[in-house]
Amino acid sequence: MARLQDLYKNEISRNIAAKFQHENPMAIPRLLKIVVNMGVGRATQDKTLLDSAVDNLAKITGQKPLVTKARTSVSGFRLREGNDIGCKVTLRGRRMYEFLDRLISVALPRIRDFRGLNPNSFDGHGNYSLGLAEQVVFPEIDADRIQHTHGMDITIVTSAINDDQARELLLAFGLPFRRPGGTGAAKAS
């Protein structure tokens with residue numbers, strides 16, 4: 001079992017249930033999935049960019065990515081419907097917890113001038129999204145062997161009914177949110 005999965009079962013779920021007075025165990029907020037998306041807009045001109053993004057995302061997540069295609073044509077971007085423009089991975093279960101653990105403990109601390117995650121990036125339904133500018137922050141990627149950096153969007157989907165419960169859940173997992181009005185990252189209490 002992954003470290004964070006074990007932590008959730010033994011401590012986090014109990015603490016959140018007590019804080020929000022959840023008597024039903026199914027009402028306790030939990031992680032449902034993590035979606036990692038890499039958009040490669042220049043892939044229409046150079047197919048090797050998409051291949052390197054797919055390879056990097058597979059190394060980072062440990063799962064084969066799905067290549068995403070354009071839904072509509074946009075002449076200004078030289079984009080036709082059906083062109084390959086990115087890749088994504090949906091993580092669930094043990095892989096999801098392992099990825100979140102590596103994101104929190106390894107990747108985020110490696111970001112230069114990192115002052116914490118934006119605490120306002122929730123969508124109103126308990127899901128959190130963040131973006132990374134480059135894939136080099138993950139130790140699986142060899143910085144000397146990459147030609148192009150690719151950014152990625154990470155969406156953490158929870159079963160929380162509102163943003164406050166989701167924020168408490170992610171704080172308990174150790175996501176370093178910025179303190180409102182201050183500097184530095186907030187710690188779980």
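The values are calculated or read from the model by the stated rules, or taken from the named source; none is laboratory data. None of these values were measured; they are calculated from a predicted model. Quick reminder, even Gly has a Cβ in these numbers, built from the backbone with ideal geometry, and neighbours come from all protein chains shown.
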From the list Ile60, Ile12, which one is touching a strand residue (DSSP E or B) at 6+ places or on another chain (Cβ under 8 Å), within 26 Å of Leu130 (Cβ to Cβ) and aliphatic (A, V, I, L, M)? Ile60
Residue in region 74-86 that is under 22 Å from the mean Cα position of the chain (by Cα) and without any contact (Cβ under 8 Å) to a residue 24 or more places away in the chain present: no
Of all residues being aromatic (Phe, Trp, Tyr) and under 18 Å from Gln165 (Cα atoms) in region 93-144, which is surrounded by the most Cβ atoms within 10 Å (Cβ to Cβ)? Just the residue, please. Tyr128
What single numbered condition from (1) free of Cβ contacts under 8 Å to residues at least 60 places away in the same chain; (2) at negative phi; (3) out of contact with any His (no Cβ under 8 Å at 6 or more places or on another chain); (4) not polar (S, T, N, Q) fails to hold for Glu134? (3)
Test: residue in region 93-111 that is in contact with a Gly (Cβ under 9 Å, 6 or more places away or on another chain), in a strand (DSSP E or B), of a type outside the set (Ser, Thr, Tyr) and over 22 Å from Thr48 (Cβ atoms): no
May I ask you to verify whether Glu81 is at pLDDT below 85, in a loop (DSSP other than H, G, I, E, B) and over 19 Å from Met38 (Cβ atoms)? yes
Quick check: anything in region 66-75 at pLDDT 90 or above, in a strand (DSSP E or B) and hydroxyl-bearing (Ser, Thr, Tyr)? no
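Suppose the filter is part of a strand (DSSP E or B), under 13 Å from the mean Cα position of the chain (by Cα) and touching a residue at least 24 places away in the same chain (Cβ under 8 Å); does Leu57 pass it? Outline the logic, then answer.
Values: part of a strand (DSSP E or B): no; under 13 Å from the mean Cα position of the chain (by Cα): yes; touching a residue at least 24 places away in the same chain (Cβ under 8 Å): yes.
It is false that Leu57 is part of a strand (DSSP E or B), under 13 Å from the mean Cα position of the chain (by Cα) and touching a residue at least 24 places away in the same chain (Cβ under 8 Å).
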State all residues of region 162-189 that are of a type outside the set (Gly, Ala, Ser), surrounded by fewer than 17 Cβ atoms within 10 Å (Cβ to Cβ) and modelled with pLDDT of 60 or more; if no residue qualifies, say none. Asn162, Asp164, Arg179, Pro180
